[in-house]
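Okay, structure first, notes after.
Only the coordinates and a few stated rules stand behind these numbers; no lab work does. Source: prediction; values computed, not measured. Cβ atoms come from the backbone with ideal geometry, glycine included; neighbour counts cover every protein chain shown.
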Amino acid sequence: MSAPRALEGQVAIVTGGVRRIGKAIALSLAKDGAIVVINALRSREEAESAVAEIVAAGGRAVVHLADVADEEAVAAMVARVLKDFGRIDILVNNAAVRGETPFVDMTLAQWHGVMRTILDGAFVCTRAVLPSMISRGYGRIINLGGVSAHLGASGRAHVGAAKAGIVGLTRALAAEFAASGITVNCVVPGKIGGQRSHSAGQGIAGSPPVGREGIPEDVAGLVHNLCLPTTSYITGQTIHISGGLFMP
């Protein structure tokens, strides 16, 4: 008889869950028993592929396309999840756009575009799931930060500012909802290898002391641990997973 899985019966929404870190997180949570809602903006084919991978491994997952910064679209997603599964236990705010633009060439539209997805998206999605979590007295919210907000990175003023905002949002929410049994933490990946999307840019310069780039599964393992019922005493934290690239 196999041991019970720690997240059995829980429901998780992972935004930007179709590739790289987001996909690895979705796979990890599903492997431990969670029903995973893979959110994407428009990449249905990739999302369905991720769901198929989860199902083939014996897990459960569904796709829901929605713009994370669109209040109506997110409200519809959350309502559908609650209708289908009756609960939301975990939210992973991973959706992001990046890119690199010299600051003097950066338009306000580019600035707002990055802020909208990263910071506004985390705000909209978190606000949408909180009533359900509060009513049940339980929740795990994980926000994905960015090492550029801590190291600085040329051409990434918009990304660094948005990800720094994520840190502040994390602390504020952790303080406000701790009494409701909800933990809120920020995971900050460093240099994560593999194929990047066209909008990701070249990434952060420098080599981590461990002598290698990370892999998405490194980040997923940390996120998974923070989602466990046993991590109720960890909240408001910004945890770096960068092989020592950044040491607070």
Residues meeting the amide H criterion for Thr238 (H placed from the backbone, H to H distance under 5 Å, 5 or more places apart or on another chain) are Cys186
Roughly how many nanometres apart are two label points built 7 Å out from the Cα toward the Cβ at Ala179 and Thr230?
3.0
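Explain nothing, just the number: relative contact order of the chain, from Cα pairs under 8 Å at least 6 residues apart, as a whole percent. All intermediate terms of the calculation are to be shown ahead of the outcome.
Details: 498 pairs, mean separation 46.8, N = 248.
Averaging sequence separation for qualifying contacts and normalising by length gives 19 percent for the chain.
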Put +1 on the Cβ of every Lys and Arg and -1 on every Asp and Glu Cβ in the chain; which of Ser180, Ala61, Ala50 then has its Cα farthest towards the positive end of the dipole?
Ser180
GNM on the chain, C-alpha springs below 10 Å: top fluctuator among Ala128, Ala172, Ala164?
Ala172
Once amide hydrogens are built 1.01 Å from N within the peptide plane, the residues lying 5 or more places from Ile215 or on another chain with amide H under 5 Å from its amide H are Gly193
For Ser135, Ser242, order by how many other beta-carbon atoms lie within 10 Å, fewest first:
Ser135, Ser242
Specify the angular offset, from 0 to 90 degrees and rounded to the nearest 10, of the alpha carbon long axis of helix 20-31 from the longest principal axis of the alpha carbons in the chain.
20
What is the sum of charges, Lys and Arg at +1 and Asp and Glu at -1, for the other residues whose Cβ falls under 13 Å from the Cβ of Leu169?
+1
Under a 10 Å cutoff between Cα atoms, tell me which one of Val104, Val219, Val78 has the largest fluctuation in the Gaussian network model of the chain.
Val104
Given the rule -39500 (n - 2.57) for each run of at least 4 DSSP H residues, summed and divided by the residues of the chain, what is its mean residue ellipticity at 222 nm, to the nearest 500 deg cm²/dmol?
-12500 deg cm²/dmol
If every Lys and Arg gets +1 and every Asp and Glu gets -1 at its Cβ, then about the Cα centre the chain yields a dipole, in debye to the nearest 20, of 220
Do you know the relative contact order of the range 109-224, to the nearest whole percent, from alpha carbon pairs under 8 angstrom that are 6+ apart?
26
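Under a point-charge model restricted to the Cβ atoms of Lys and Arg (+1) and Asp and Glu (-1), what is the dipole moment magnitude of the range 15-131 relative to its Cα centre, in debye to the nearest 20?
280
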Fewest-first ordering of Arg60, Arg140 by Cβ atoms within 10 Å yields Arg60, Arg140
Given a cut-off of under 8 Å on Cα pairs at least six residues apart, what relative contact order in percent is computed for the range 1-69?
31
Filtered hits (lysines, Cα-Cα < 19 Å from Lys23, offset >= 8 within chain) -> Lys31, Lys191
Listed by chain and number, the residues whose amide H is under 5 Å from that of Gly9, excluding neighbours fewer than 5 places away on the same chain and using placed H, are Ile35
By Cβ neighbour count within 10 Å, fewest first, Val14, Val210, Val124 rank Val210, Val124, Val14
